[in-house]
Amino acid sequence: MASTQEVLPTPLDATSNPPPLFDGTTRLYTYYSCPFAQRGLQDQIKLVPLNLANRPAWYKEKVYPENKVPALEHNGKIIGESLDLIKYVDSNFEGPSLFPKDPEKAKFGEELISHVGTFTGALYTAFKADDTVKQADAQFDYLENALKKFDDGPFLLGQFSLADIAYIPFVERFQSFLSAVWKYDITAGRPKLAAWLEEINKIDAYKVTKTDPNELVGFYKKRFLEQQ
């Protein structure tokens, strides 16, 4: 059977020339394995993948002085920081908004998005601790409880939203790493989290952004275990 998998652009490195910057093309400067960049993929945006281990000097000099990904080139300006970027895309591109108008949901959505840094930071700390599983339990219990707040759908705010986009790239990585190294199943005893993952994995726009789990585990092992 013929494969229909999308052929992605080759990452640009220090030897690469820049694209024709600020020519009206909307570009997402990204790194394929980066959870922050994974949040921003859109059909309307031209992908410009970078080799972060040997990134081109022109990126910092001419595109984004912070020298991080993702960064979106749109309407003559650059938008960085992934959480700001997903809100920008939601507000500035066609299609229904992925942030609810209901005041209670909107408030809780902002709380969830502002908690992403705490959630990821606690798990990064747990990966280097002696009680990794205990610390991980607290973070995934947080998600399980958040998923119980609204009962009109399987997602964090009931219906699919920016809150789900903010969390899923990290949960995807943490699930693979914790399972491979600690034999820890993040869905055990958490039916809401299990249902959330099942539903998100049905979304075609998400599935095409996923990274090979073996690649993720290898990267995290090198980052958190081999440096100890």
Please list the non-local residues whose amide H lies under 5 Å from the amide H of LEU50, H modeled 1.01 Å from N, same-chain partners needing a gap of 5 or more. LEU12, THR30, TYR31, TYR32
With an 8 Å cut-off on Cα pairs and a minimum separation of 6 or more residues, tell me the relative contact order of the chain in percent. 16 percent
With volume of the Cα convex hull per residue in Å³ defined as stated, name the option among [x] 219; [y] 128; [z] 155 computed from the structure displayed. [z]
Against the longest principal axis of the chain, how steep is helix 132-146, in degrees 0 to 90 to the nearest 10, with axes from Cα atoms? 90 degrees
Qualifying trypsin sites (Lys or Arg not before Pro) for segment 68-146 [loop in DSSP, other Cβ within 10 Å: at most 15]: LYS101, LYS128
Simple spin-label estimate for GLU111/LYS207, 7 Å along Cα→Cβ, in nm, reads 3.4 nm
Distance in nm between ASN51 and ASP131 label points, each 7 Å along Cα→Cβ, equals 4.4 nm
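Which FRET efficiency, nearest 0.05, do THR118 and LYS221 yield, Cβ-Cβ r, R0 30 Å? Working shown, then result.
Details: r = 24 Å, r/R0 = 0.80.
The pair THR118/LYS221 has a calculated efficiency of 0.80.
With +1 on each Lys and Arg Cβ and -1 on each Asp and Glu Cβ, and nothing else charged, work out how big the dipole of the chain is about its Cα centre, in Debye to the nearest 20. Present the calculation step by step, with values, prior to reporting the outcome.
Working: 26 positive and 31 negative charges, 92 e Å.
Using Cβ point charges on Lys, Arg, Asp and Glu, the chain gives about 440 debye.
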Sorting GLY109, ILE78, PRO18 by the position of each Cα along the dipole of the chain (Lys, Arg +1; Asp, Glu -1; all at Cβ), the one nearest the positive end of that ordering is PRO18
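Across segment 103-225, how large is the tail of the calculated P(r) beyond 25 Å, expressed as a percent of all Cα pairs?
Working: 1581 of 7503 pairs.
Percent of Cα pairs beyond 25 Å in segment 103-225: 21.
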Tell me, what HN-Hα J-couplings in whole Hz come from the Karplus equation 6.51 cos²θ - 1.76 cosθ + 1.60 at θ = phi - 60° for each residue of segment 163-180, using x for Gly and Pro? 4, 5, 4, 5, 8, 4, x, 6, 4, 4, 6, 5, 4, 5, 5, 5, 5, 5
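Over segment 88-158, what is the relative contact order in percent, taking alpha-carbon pairs closer than 8 angstrom and at least six residues apart? Mind dumping the intermediate values first?
Details: 35 pairs, mean separation 14.0, N = 71.
Averaging sequence separation for qualifying contacts and normalising by length gives 20 percent for segment 88-158.
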Can you list the HN-Hα couplings for segment 101-118, worked out from phi with the Karplus curve (6.51, -1.76, 1.60; θ = phi - 60°), rounded to whole Hz and with x for Gly and Pro? 8, 4, x, 5, 5, 4, 5, 5, x, 5, 4, 4, 5, 5, 8, 4, x, 5
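Taking 0.36 nm per intervening residue step and subtracting the Cα-Cα distance, what contour gain separates LYS77 from LYS62 on full extension? Display every interim value, and only then the final one.
Working: separation 15, 0.36 × 15 = 5.40 nm, distance 1.13 nm.
Answer, rounded to one decimal: 4.3 nm.
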Convert each backbone phi in segment 211-220 into a coupling constant with the Karplus relation 6.51 cos²θ - 1.76 cosθ + 1.60 (shift: θ = phi - 60°), then list the ³J(HN,Hα) values in order as whole Hz, x for Gly and Pro. 9, 3, x, 5, 5, 4, 4, x, 5, 5
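FYI, it's all coordinate maths here, none of it is from the lab. Predicted, not measured: the structure shown is a model, and the values here were computed from it. Note that we place each Cβ from the backbone using ideal geometry, even for glycine, and neighbour counts take in every protein chain shown.
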